[in-house]
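To start, the structure itself, in structure tokens.
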Amino acid sequence: MAKTVSPDAISTILANPSPDSSSDLPEIIVQVVDLKPTGNRYMFSANDGKTKIKGILQSSLSSEVISGSIQNLGLIRIIDYTLNDIPTKNEKYLIVTKCEAVSPALEADYKAEVKSEDTDIVLKPRQEETGIVLKPKQEETGIVLKPKQEYQTKSAAQIVHEQSGNMAPSARMAMTRRIQPLVSLNPYQGNWTIKVRVTSKGNMRTYKNARGEGCVFNVELTDEDGTQIQATMFNEAAKKFFDKFELGKVYYISKGTLRVANKQFKTVQNDYEMTLNENSQVEEASNEEAFIPETKFNFVPIDELGPYVNGRELVDVIGVVQSVSPTMSIRRKSNNETVPKRDITIADETKKTVVVSLWNDLATHVGQELLDMADKSPVVAIKSLKVGDFQGVSLSALSKSNIVVNPDLPEAKKLRSWYDSEGKETSLASIGSGMSPSTKNGARSMYTDRVSLLHITSNLSLGEEKPVFFSLKAYISFIKPDQTMWYRACKTCNKKVTEAFGSGYWCEGCQKNDAECSLRYIMALKVSDASGEAWLSTFNEQAEKILGCSADELDKLKSEEGEIAYQMKLKEATWVPHLFRVSVAPQEYNNEKRQRITVRAIAPVDYAAESKYLLEEMSKMNIAM
């Protein structure tokens, strides 16, 4: 029998905003209308023929839409959902976390038929007067309207209280609240409870700012679906939960808040980040069956690692092991402690190799395992690596990094097939080979991705997901002399310092006072080419190459020889051509959307190389020479 829309499906959802189990509900089949993408999810309106409600299909269901299983005007059976209030809009949103398609697209919006006295339902006298129950004509429809009093049972609170009387706190939390997957959480939800494992725990850190001093630490949490989120605790909450959270243990957590993650500082793939305060509830799930989170990877090909160099964003890679070094002992400058280190070299289908540095237990345990099987060229998948500029591009493992040897993944099987068939006989090159120091930060040749200034300034949407990189050839046309050209920096870590009470300078990063500090450039300059002009932001290393002196030297020149000498020094740097490697990302200033173009590398024009580049570009245009 063909499925159809459930009568009063929306009313059922509104009456049960957060059901404990789908088995407690009648079948809910609705029509999908106004289906449209929003980011990696799809928005729609759920229609039961009488009422509509706005909804969102979670990102895990996007593949069903892309494959055509879920269609606009089609029918779906909702298996699991949450109804969220959005206070700012005074409306409710249906978050569908699990569903199945039951029908392809109908011809139009479904509308329920309005039944009247001429239909099959017969209205009979009231029960208290005649003793007869209201029923439809059973022999024709098979539908029985049961007396209302049969639904009057114990309240949910009474049932929970009776069932959970002597349970442990964590078990009571599991019963009294519906466990929600991390993927379903958003800032507009009220009460929720999650069951997660602590997969990374940071150190307790102290900070000092204009509002005073405090402490902070964070953890990374993973649920059984492999979804991750970062949770941060400040001050009293940090002191309360620092010893409570133990790496590797499973917890129930509730009464936290969510906000949109700061992309500059986030360390996991999640649009949101969590904050726990002193009123949040955290209970260890000690007597329950543990789960091992599925490790989810977002692999970056080796030849695309360049834009991540010296950035905050961590990367996942997969490659075939080419070589494994012996263990080395490295002495840290910060605390003079000796730590073990081992380098492995991996390659992938881009025919590029990269060196991955393993530290501590990863070097001694997994590293030794790889050394023992290096002759078999195992495939390794590595999660959460930092990208540095040593030898052009290099990777370094962190305490949170995870290495899987010969993983059972489609990418691993594809890579193994490529390597066995052709990769082992192919000439492989290091991703950092041939890069001059001036191009390390961009990890690209100055002739890669060459564009005009107009290409950048005419497209304000560039870099919305993550910064994009380009190369430019342009002239510096103006350096504003009255701008803030530099900042006071710590001589140890180069971070900004503030004047300490009494004397000296306080460094938040090093947590110490120093008698002296250094000046580091943070300079804006205007550049021009044949297509137009744009403002670029430059930092210390690039500004020193432009001006030919350090910020300390320029400050000394200004104070000793005066404003005229200072402005002449800036003017000397103008109308000189340079090759720039820049990153482009949007930013808001005074509620106005602008572009931030940042210089990542700079080099003088090599006219021989420039001529060769122009000849190659002309040959691509099929111009007869």
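The values are calculated or read from the model by the stated rules, or taken from the named source; none is laboratory data. If you're wondering where the values come from, they're calculated on a predicted model, not measured in any experiment. With ideal geometry, Cβ positions are generated from the backbone for all residues, glycine too; neighbour counts draw on all protein chains shown. We work out accessible area using only protein heavy atoms, side chains counted, and drop any ligands, DNA or RNA first. Shrake-Rupley method; radii C 1.70, N 1.55, O 1.52, S 1.80 Å.
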Review point. If we scan region 197-207, do we find a residue that is surrounded by fewer than 17 Cβ atoms within 10 Å (Cβ to Cβ) and hydroxyl-bearing (Ser, Thr, Tyr)?
Key: yes
Point to revise | Among the candidates Asp529, Asp555, residue that is touching a residue at least 12 places away in the same chain (Cβ under 8 Å), within 18 Å of Asn459 (Cβ to Cβ) and over 31 Å from the mean Cα position of the chain (by Cα) | key: Asp529
Practice item. Take region 245-255 and flag every residue that is within 26 Å of Ser399 (Cα to Cα) and either in contact with an Asp or Glu (Cβ under 7 Å, 6 or more places away or on another chain) or not charged (D, E, K, R) (or both). Key: Phe245, Leu247, Gly248, Lys249, Val250, Tyr251, Tyr252, Ile253
Check your understanding: Of the conditions (1) under 20 Å from Lys386 (Cα atoms); (2) of a type outside the set (A, V, I, L, M); (3) open to solvent by 50 Å² or more (accessible area, probe 1.4 Å), Gln281 fails just one. Which one is it?
Key -> (1)
Exercise for review: Report yes if Leu519 is buried (at least 17 other Cβ atoms within 10 Å of the Cβ), outside any strand (DSSP E or B) and touching a helix residue (DSSP H, G or I) at 6+ places or on another chain (Cβ under 7 Å), otherwise no.
Suggested key: no
Point to revise | Matching option when the condition is at pLDDT below 85 and either within 27 Å of the chain's Cα centre (by Cα) or within 30 Å of Gln511 (Cα to Cα) (or both), among Lys352, Lys296 | key: Lys296
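For every residue, the table says whether it meets (1) β-branched (Val, Ile, Thr); (2) within 22 Å of Thr345 (Cα to Cα); (3) modelled with pLDDT of 90 or more; (4) in contact with a His (Cβ under 8 Å, 6 or more places away or on another chain).
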| site | (1), (2), (3), (4) |
| --- | --- |
| Lys414 | no, yes, yes, no |
| Ser430 | no, yes, no, no |
| Tyr447 | no, no, no, no |
| Ser452 | no, no, yes, no |
| Thr457 | yes, no, yes, no |
| Phe469 | no, no, no, no |
Exercise for review: Write out, first by first residue and then by second, each pair whose Cβ atoms fall under 6 Å of each other, whose residues are 6+ apart or on separate chains, and whose first residue, in region 404-429, is outside any helix (DSSP H, G or I) while the second is of a type in the set (Gly, Ala, Ser).
Suggested key: Val404/Ala381; Pro407/Ala381; Leu428/Ala347
Study note, to complete from the structure: With the first residue restricted to region 1-15 and required to be farther than 13 Å from Lys52 by Cβ, and the second required to be at pLDDT 85 or above and loosely packed, with under 14 Cβ neighbours inside 10 Å, Cβ contacts under 7 Å at 6 or more apart or on different chains are Ser6/Glu27
Revision key, fill the gap. Within region 534-561, residues being under 14 Å from His578 (Cα atoms) and open to solvent by 20 Å² or more (accessible area, probe 1.4 Å) number 3
Study note, to complete from the structure: Ala524: passes all of (1) open to solvent by less than 40 Å² (accessible area, probe 1.4 Å); (2) not in a strand (DSSP E or B) but (2)
Practice item. Tally the residues that are at pLDDT below 80, open to solvent by 50 Å² or more (accessible area, probe 1.4 Å) and touching a strand residue (DSSP E or B) at 6+ places or on another chain (Cβ under 8 Å), restricting the search to region 75-91. Key: 2
Practice item. Filter region 194-224 down to residues that are more than 22 Å from the chain's Cα centre (by Cα) and assigned to a strand (DSSP E or B), then give me how many there are. Key: 9
**Study point:** Which listed residue, of Asp375, Asp420, is among the acidic types (Asp, Glu), farther than 26 Å from Gly311 by Cα, open to solvent by 60 Å² or more (accessible area, probe 1.4 Å) and modelled with pLDDT under 90
**Key:** Asp375
Review point. Do you know which residues across region 565-591 are buried (at least 16 other Cβ atoms within 10 Å of the Cβ) and either without any contact (Cβ under 8 Å) to a residue 24 or more places away in the chain or among the charged types (D, E, K, R) (or both)?
Key: Lys569, Arg581
**Study point:** Tyr272 among the aromatic types (Phe, Trp, Tyr), modelled with pLDDT of 80 or more and either farther than 21 Å from Ser384 by Cα or buried (at least 17 other Cβ atoms within 10 Å of the Cβ) (or both)
**Key:** no
Exercise for review: Restricting attention to region 225-253, report how many residues are aliphatic (A, V, I, L, M) and assigned to a strand (DSSP E or B).
Suggested key: 5
Exercise for review: Considering each residue of region 327-342, count those that are touching a Lys or Arg at 6+ places or on another chain (Cβ under 9 Å) and either in contact (Cβ under 8 Å) with a residue 24 or more places away in the chain or surrounded by 12 or more Cβ atoms within 10 Å (Cβ to Cβ) (or both), and give that number.
Suggested key: 4
Check your understanding: Can you pull out the helices (runs of 4 or more DSSP H) entirely within region 537-617 that have at least 3 residues that are under 23 Å from Pro307 (Cβ atoms)?
Key -> 540-547
Study note, to complete from the structure: Per the filter on region 208-231, residues open to solvent by 20 Å² or more (accessible area, probe 1.4 Å) and not hydrophobic (A, V, I, L, M, F, W, C) are Lys208, Asn209, Arg211, Gly212, Glu213, Asn218, Glu224, Asp225, Thr227, Gln228, Gln230
